[in-house]
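Have a look at the structure below before the remarks.
Computed from the coordinates by the stated procedures, all read-outs in this text should not be read as laboratory data. Source: prediction; values computed, not measured. Every residue, glycine as well, gets a Cβ built from its backbone with ideal geometry; the counts of neighbours run over all protein chains shown.
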Amino acid sequence: MNNTIFSDNVPTISQWPGPSRIIVHVQAMLYTSLAASLLSAFFAMLGKQWLNRYVSTDMRGTAIERSQNRQRKLNGIVTWHFKHVMESLPLMLQFALFLLGCALSLYIWEIDKTVASVVLGATLFGFVCYAFIIITGTVSVSCPYQTPGALMLRYLWQKVPNRSTFFPTKSTVIQHPETQPGQEQPLDQEATVLDFLCISWMLQTSLDRGVNQLTLKFLASIIMSLGPKTTIVVDCFRMLTNFVSISSNNQAVVLQGSEQLAGMAAACLLGAVSHSLAVNPGSNILKDMHQEFDRTFLPTVNLCGLPFYPTISAVQNLLNRNNHPKGLSWEGVDPSAPGNLLLVHILVKIAWLHYQRLGMESHKKVPRWVLRFSFHCLLWNPEPPVSVITDCLLIVAMDLGCKISDDDVRNLDKRHVSLAQVCSLPP
């Protein structure tokens, strides 16, 4: 103003009676945080109501009609993206907490910077931890710390063309066991590891004999894919000891009615031990297995009475680092018995492991104790099943140095084709 107009009586400008700009900003963030918290609580209650409606059986009728109604509800949940709506509620709460921390830090900074530093440090620590959780959840699909932000970032990253991936690459594709001829089912290493984890869990927890038999049968089909650190060896041995008891005269006997299951467990144990010796002979798991075997079956225990004595004897020899058990007799072993059918398939895989380990030299030889079993089966009277004959001839073909593919060994259904090819070879 021009002070010549008022001379010395310059009027004073009135001050703003309201709160300062800092207070206005702080209040805005606090009210926004409060509104986001209330809205998330409101929608959470609605979501609970929606879920109660989904699980309710408010329709009478037949099982088919009730199932159709449940499927109709599920279709509606998928169509209207119910999952995404529910996952947005934690985001609202996280946003509200972040605003609360920022507002408190800003407000206290104007009052006392020391106290504000503590609040600001706690806020930044929480923010960094949350950012780390989002990054780990984005990088690893198996990470348990999954958040909506991680799912969103992974989705956006997959849409980027020519991107480099953080996810572990899959190993060489192999054919899944039990695959029918002409069908190719890729089996990556991660799926194999998950299979063995499921098998281990089944062997440890299941008390159903039928389930245990199916589990051991599936284990025999994929036993060639065992990893170096698997505990399947221990699981098979513990299942075997569940059906074997030691009598007062130190005689090992099988519980009545468990002969077939115990024989399958012994066969899988033989395959697991053989494979572990081929992959990692100095593993701690094999050392622990050897100690547990010696503790369970002391030198004074007589194992000759077991119906699968040759199998358990081969396991004992292998654990003693004798890859070629001498004096192992297969006399009296019926290759047609249900428990021994699995043993034949296991011995084929043991022969194949030894066959591969020798490389491509012309002097390939399978273990003699495996070859003796093949001759024993081929000379058995009456004639064993065709699958047993096929497996035994495949072992003989390996020992003769015939060209055998990995798929012939893994896929049981293709062995008859391999048998025809081997029989057509010139003498």
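For the stretch 191-300, what class follows from the C-alpha gyration tensor (a ≥ b ≥ c being the square roots of its eigenvalues): rounded when a/c is under 1.5, otherwise prolate if a/b is larger than b/c, else oblate? Because a/c hits 1.5 or more and a/b fails to exceed b/c, the stretch 191-300 counts as oblate.
How large is the dipole of the stretch 21-159 about the Cα centre if only Lys and Arg carry +1 and Asp and Glu carry -1, each at its Cβ, rounded to the nearest 20 debye?
640 debye
For the stretch 21-159, lysine pairs separated by 8 or more sequence positions, or belonging to different chains, with Cα-Cα distances below 28 Å total 4. Under 13 Å from a label point set 7 Å out along the Cα-to-Cβ vector of PHE43, the amide N atoms of the stretch 93-116 belong to 93-96.
Assuming R0 = 25 Å, can you tell me the calculated FRET efficiency for the pair ILE246 and TRP201, based on Cβ-Cβ distance, to the nearest 0.05? Each step should come with its number before you reach the end.
On the way: r = 28 Å, r/R0 = 1.12.
Calculated transfer efficiency: 0.35.
In the stretch 21-159, the convex hull through the Cα atoms has an average projected area of 11.8 nm², a quarter of its surface area.
Taking 7 Å steps out from each Cα toward its Cβ at ASN280 and LYS403 produces label points 3.5 nm apart. Sorted on the mean count of surrounding Cβ atoms within 10 Å across their residues, most packed first, peptides 251-264, 73-86 read 251-264, 73-86.
For the stretch 39-93, the Cα gyration tensor yields ellipsoid semi-axes of 27, 12, 5 Å (square root of five times each eigenvalue, largest first, whole Å).
Spin-label model, LEU151/THR62: points 7 Å from Cα along the beta carbon direction are separated by 3.7 nm.
Would you mind working out the magnitude of the charge dipole of the stretch 187-300 relative to its Cα centre, with +1 at each Lys and Arg C-beta and -1 at each Asp and Glu C-beta, to the nearest 20 Debye? Kindly include the intermediate steps, with their values, before the conclusion.
On the way: 6 positive and 9 negative charges, 40 e Å.
For the stretch 187-300, the charge dipole is close to 200 debye.
Full extension of the chain between VAL78 and ILE22 gives 15.6 nm of extra length, using 0.36 nm per residue less the Cα-Cα distance.
Dipole of the stretch 21-159 computed with +1 at Lys/Arg Cβ and -1 at Asp/Glu Cβ about the Cα centre; of GLN146, TYR130, PHE95, farthest Cα towards the positive end is GLN146.
Sort GLU331, GLU87 so that the residue with the fewest other Cβ atoms within 10 Å of its own Cβ comes first and the one with the most comes last.
On the way: GLU331 6, GLU87 16.
Fewest to most other Cβ atoms nearby, the residues stand as GLU331, GLU87.
Label-to-label distance for LEU51 and SER336 is 5.9 nm, based on points extended 7 Å past Cα in the beta-carbon direction.
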